[in-house]
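In what follows, a single structure is set out as structure tokens and then discussed.
The values are calculated or read from the model by the stated rules, or taken from the named source; none is laboratory data. Predicted model only: the values in this text are computed from it and were never measured. Every residue, glycine as well, gets a Cβ built from its backbone with ideal geometry; the counts of neighbours run over all protein chains shown.
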Amino acid sequence: MPRLTKIYTRTGDQGHTGLVGGQRVSKDSPRIWAFGTVDELNSAIGLARAFNAGRKNTVSLKLDKLLAQMQNELFDLGAELATTAAKFRTGMPRIGKQHIASLERVIDGFNAELGPLQEFVVPGGSQTAAALHLARTICRRAERFCVRLAREEKIGEQVVPYLNRLSDALFVLARWTNRQQRVAESLWKK
């Protein structure tokens, strides 16, 4: 059964959009900024995957599998953010402590292959790593918007910690990708 049969509805032409459950809100509401930025983050991870797709080795396949999982979790997070507390129902997607623990394992595992940081890393390197750095900064922005939203409305307890950990994971993956592709990192020169 198709989820979307028509792409345009004209219901947003006056600057409002619908949340899960039917409530209409302004397109510039804090909730829309939060899940809209999560969507942007998902697209940036998709860009990293596209740059990585040309490589068909074990390392790139490992990275792609991990990024695909992150993208799927971001769809869950977007759905969670698009649902007000009053409309949330049992069984709906929700980010939990297990997602954060999984990211921490990713960070620890990949970071163990890297040397200690001697200085701040200048974002860049390979195309894949540069896209991961871009995703990391978008993730930090999504986190800030969720912090703002949480001051005004109830959101899931694990949303902000998840985004905080995800940005750390994207940073480590960018560094790891450069190392795997034998691209030297640029470090900040004081």
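Quick check on the stretch 168-179: of everything there that is buried (at least 20 other Cβ atoms within 10 Å of the Cβ) and not hydrophobic (A, V, I, L, M, F, W, C), which residue is farthest from Leu61 (Cα to Cα)?
So, considering only residues that are buried (at least 20 other Cβ atoms within 10 Å of the Cβ) and not hydrophobic (A, V, I, L, M, F, W, C), the one farthest from Leu61 (Cα to Cα) is Arg175.
How many residues, within the stretch 76-106, are in a helix (DSSP H, G or I), surrounded by 12 or more Cβ atoms within 10 Å (Cβ to Cβ) and aliphatic (A, V, I, L, M)?
Adding up the residues that qualify gives 6.
Taking the stretch 167-182, which residues are out of contact with any Leu (no Cβ under 7 Å at 6 or more places or on another chain), farther than 12 Å from Pro123 by Cα and in contact (Cβ under 8 Å) with a residue 40 or more places away in the chain?
Matches in the stretch 167-182: Asp168, Gln180, Gln181.
Every residue in the stretch 107-120 that is of a type in the set (A, V, I, L, M, F, W, C), surrounded by fewer than 19 Cβ atoms within 10 Å (Cβ to Cβ) and under 20 Å from the mean Cα position of the chain (by Cα), please. Can you show your working first?
Restricting attention to the stretch 107-120, the residues satisfying the condition of being of a type in the set (A, V, I, L, M, F, W, C) are 107, 110, 112, 114, 117, 120.
Then drop every residue that is not surrounded by fewer than 19 Cβ atoms within 10 Å (Cβ to Cβ), which leaves 107, 112, 114, 117, 120.
Ile107 - this is the single residue of the stretch 107-120 that is of a type in the set (A, V, I, L, M, F, W, C), surrounded by fewer than 19 Cβ atoms within 10 Å (Cβ to Cβ) and under 20 Å from the mean Cα position of the chain (by Cα).
Could you please find all residues in the stretch 25-49 being more than 19 Å from Ala169 (Cβ to Cβ) and either surrounded by 19 or more Cβ atoms within 10 Å (Cβ to Cβ) or out of contact with any strand residue (DSSP E or B) (no Cβ under 7 Å at 6 or more places or on another chain) (or both)?
Of all residues in the stretch 25-49, those more than 19 Å from Ala169 (Cβ to Cβ) come to 25-36.
Passing the criteria: Asp28, Ser29, Pro30, Arg31, Ile32, Trp33, Ala34, Phe35, Gly36.
List the pairs whose first member sits in the stretch 95-116 and is touching a residue at least 12 places away in the same chain (Cβ under 8 Å), whose second member is small (Gly, Ala, Ser) and buried (at least 18 other Cβ atoms within 10 Å of the Cβ), and whose Cβ atoms are under 9 Å apart, counting only residues at least 6 apart or on separate chains?
Note: pairs meeting the criteria are Ile95/Gly156; Gly96/Gly156; Leu103/Ala169; Glu104/Ala169; Val106/Ala169; Ile107/Ala169; Phe110/Ala169.
Output the residues belonging to the stretch 150-171 that are aliphatic (A, V, I, L, M) and either in contact with a His (Cβ under 8 Å, 6 or more places away or on another chain) or modelled with pLDDT under 95 (or both). Talk me through it step by step, then tell me what you get.
Going residue by residue through the stretch 150-171, those that are aliphatic (A, V, I, L, M) are 150, 155, 159-160, 163, 166, 169-170.
Within the stretch 150-171, Ile155, Leu170 meet the criteria.
Is there a residue being outside any loop (DSSP other than H, G, I, E, B), over 30 Å from Ser126 (Cα atoms), at pLDDT below 70 and not aliphatic (A, V, I, L, M) anywhere in the stretch 31-45?
Among the residues of the stretch 31-45, not one is outside any loop (DSSP other than H, G, I, E, B), over 30 Å from Ser126 (Cα atoms), at pLDDT below 70 and not aliphatic (A, V, I, L, M), which makes the answer no.
With respect to the numbered conditions (1) among the hydrophobic types (A, V, I, L, M, F, W, C); (2) more than 24 Å from Ala34 (Cβ to Cβ); (3) part of a loop (DSSP other than H, G, I, E, B), which one is the sole condition not fulfilled by Ile155?
(2)
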